Amino acid sequence: MVVFVCSPYGGKKKNLEAAREYCLREIDNGNTPFAPHLLYPQMLDEKTDRWLGIQLGLEVLERCGALHVWGDEITEGMQMEIDYAIDNGIPVVQMGRCDADS
């Protein structure tokens, strides 16, 4: 299943490392992960293009089988993704955290 990986970003390197680990865990679970915060910051500026990145991510979320929430905190951006998934009938699953969070 294609899953949307929802985890903290905020431009922090440790969050990118954690997102990579979450994607690897999704692959180990037999899923195809999509983590917008691993893709869009490579071409968009977090300060000026944040909203565009969120919109592009939500566009892909519509095509995913589920949204998987990773990490211990729910950020504002994550909450937008969770609310969008709920509003569009996309299952939301709490997955947990990993050692990369510490």
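The values are calculated or read from the model by the stated rules, or taken from the named source; none is laboratory data. Worth saying up front: this structure is predicted, and the values here are computed from it rather than measured. As a convention, Cβ positions derive from the backbone with ideal geometry for all residues, glycine included, and neighbour counts pool all protein chains shown.
Worth pointing out:
- Residue match in the range 86-96 (condition: within 18 Å of residue 3 (Cβ to Cβ), touching a strand residue (DSSP E or B) at 6+ places or on another chain (Cβ under 8 Å), surrounded by 14 or more Cβ atoms within 10 Å (Cβ to Cβ) and among the small types (Gly, Ala, Ser)): no
- Any chance residue 82 is out of contact with any helix residue (DSSP H, G or I) (no Cβ under 9 Å at 6 or more places or on another chain), more than 16 Å from residue 23 (Cα to Cα), modelled with pLDDT of 95 or more and surrounded by fewer than 16 Cβ atoms within 10 Å (Cβ to Cβ): no
- Restricting attention to the range 26-43, the residues being surrounded by fewer than 16 Cβ atoms within 10 Å (Cβ to Cβ) and either touching a strand residue (DSSP E or B) at 6+ places or on another chain (Cβ under 7 Å) or over 17 Å from residue 1 (Cα atoms) (or both) number 5.
- Scan of the range 69-85 for residues that are of a type outside the set (A, V, I, L, M), assigned to a helix (DSSP H, G or I) and touching a Phe, Trp or Tyr at 6+ places or on another chain (Cβ under 8 Å), ordered by number: 77, 81
- Selection status of residue 49, exposed (fewer than 12 other Cβ atoms within 10 Å of the Cβ) and acidic (Asp, Glu): no
- Yes/no for residue 73 being over 19 Å from residue 15 (Cβ atoms) and out of contact with any strand residue (DSSP E or B) (no Cβ under 9 Å at 6 or more places or on another chain): no
- Hits in the range 58-81 (condition: in contact (Cβ under 8 Å) with a residue 24 or more places away in the chain and not aliphatic (A, V, I, L, M)): 62, 63, 64, 65, 68, 70, 71, 72, 73, 75, 77, 81
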